[in-house]
């Protein structure tokens, strides 16, 4: 889970990278935080998509999460 503190640190490292540059340790931290952030975004989008219901022309309701959500890539 990504927190507001993590987002603030991502932004702080970004601004520092544009100014004075980052140390190797800070680059690793930045990469890890970005990876965690992207994973959190993907999880949120996946959860939203899994809760979408489609109504067909006959009035049947089909949940996309039940139909597609459990399939592996």
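In table form, for the structure just shown:
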{"quantity": "Residue in the stretch 37-53 that is surrounded by the fewest Cβ atoms within 10 Å (Cβ to Cβ), counting only those that are touching a helix residue (DSSP H, G or I) at 6+ places or on another chain (Cβ under 7 Å) and assigned to a helix (DSSP H, G or I)", "calculated": "49"}
{"quantity": "Residue within the stretch 1-12 that is surrounded by 11 or more Cβ atoms within 10 Å (Cβ to Cβ) and at pLDDT below 95 present", "calculated": "yes"}
{"quantity": "Output for the stretch 16-36, where each listed residue is in a helix (DSSP H, G or I) and surrounded by fewer than 10 Cβ atoms within 10 Å (Cβ to Cβ)", "calculated": "18, 19, 24, 25"}
{"quantity": "The stretch 34-61 residues that are touching a residue at least 24 places away in the same chain (Cβ under 8 Å), paired with ones that are surrounded by 10 or more Cβ atoms within 10 Å (Cβ to Cβ) (beta carbon under 8 Å, 6 or more apart)", "calculated": "34/10; 36/2; 36/6; 37/2; 37/6; 37/7; 37/10; 40/2"}
{"quantity": "Filtered residue count, the stretch 54-65, keeping only those that are out of contact with any helix residue (DSSP H, G or I) (no Cβ under 6 Å at 6 or more places or on another chain) and surrounded by 11 or more Cβ atoms within 10 Å (Cβ to Cβ)", "calculated": "3"}
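The values are calculated or read from the model by the stated rules, or taken from the named source; none is laboratory data. None of the values given here were measured: they were computed from a predicted structure. Backbone-built Cβ (ideal geometry, glycine too); neighbour counts: all protein chains shown.
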